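The values are calculated or read from the model by the stated rules, or taken from the named source; none is laboratory data. Keep in mind the model is a prediction, meaning the values are calculated, not measured. Counting neighbours? That spans all protein chains shown, and the Cβs are built from the backbone with ideal geometry, glycine included.
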Amino acid sequence: MGVTAPHILIVDDEENHRRSLAIGLRLEGFAVSEARDGEHALEWLEHNCPDIAIVDLMMPGINGLDLARRMRMRHPEVRVVLTSAYHLTERQIERAAVGAIGFVPKPYSMDELAGFLRAKLARRSSIPAV
């Protein structure tokens, strides 16, 4: 039985960025799904469960922080990585109380992001189930 690729959900209203990120992550060996906004992501999550969601902070409608909060309530098993061209400090993310596993500022390199995701996935899988 083969190993399944970690599944990443990308939530970003900027179509070109979302699509190029999806292509890059697929080339890095990840399974990838895309959502164009927070509403679409919540609908998708009703029937799917990714390992990690990469969520853009600044989106119309449901912004990234609101989406991360809703995901934490409805789908606590999904870890969230927030991204934005706007810089946030770790303290700001902690105060948002979204349960995010990280913040990656834009722009980022594909190597940097893929390494970050792999490290988070490895850390998560090394924690024994209770």
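General remarks:
- Those residues of the range 1-48 which are surrounded by 13 or more Cβ atoms within 10 Å (Cβ to Cβ), modelled with pLDDT of 95 or more, of a type in the set (A, V, I, L, M) and more than 16 Å from Met71 (Cα to Cα), in sequence order: Leu21, Ala22, Leu25, Ala31, Val32
- Where a residue in the range 69-81 is surrounded by fewer than 16 Cβ atoms within 10 Å (Cβ to Cβ) and its partner, wherever it lies, is modelled with pLDDT of 85 or more and part of a helix (DSSP H, G or I), with Cβ under 9 Å and at least six apart: Arg74/Leu42; Arg74/Leu45
- Residue that is touching a strand residue (DSSP E or B) at 6+ places or on another chain (Cβ under 9 Å) and under 17 Å from Phe116 (Cβ atoms), where the choices are Ala53, Ala35, Ala41: Ala53
- Test result for Arg19, basic (Lys, Arg) and over 13 Å from the mean Cα position of the chain (by Cα): yes
- Flag if Val98 is part of a loop (DSSP other than H, G, I, E, B), closer than 20 Å to Arg123 by Cα, at pLDDT below 85 and in contact with a Lys or Arg (Cβ under 7 Å, 6 or more places away or on another chain): yes
- Strands (runs of 3 or more DSSP E) wholly inside the range 1-86 that include at least 3 residues being under 25 Å from Asp111 (Cα atoms) and not small (Gly, Ala, Ser): 7-11, 52-56, 79-84
- Taking residues in the range 101-119 that are on the phi < 0 side of the Ramachandran plot, and partners anywhere that are exposed (fewer than 13 other Cβ atoms within 10 Å of the Cβ), the pairs with Cβ atoms closer than 6 Å and at least 6 places apart or on different chains are Pro105/His87; Lys106/Ala85.
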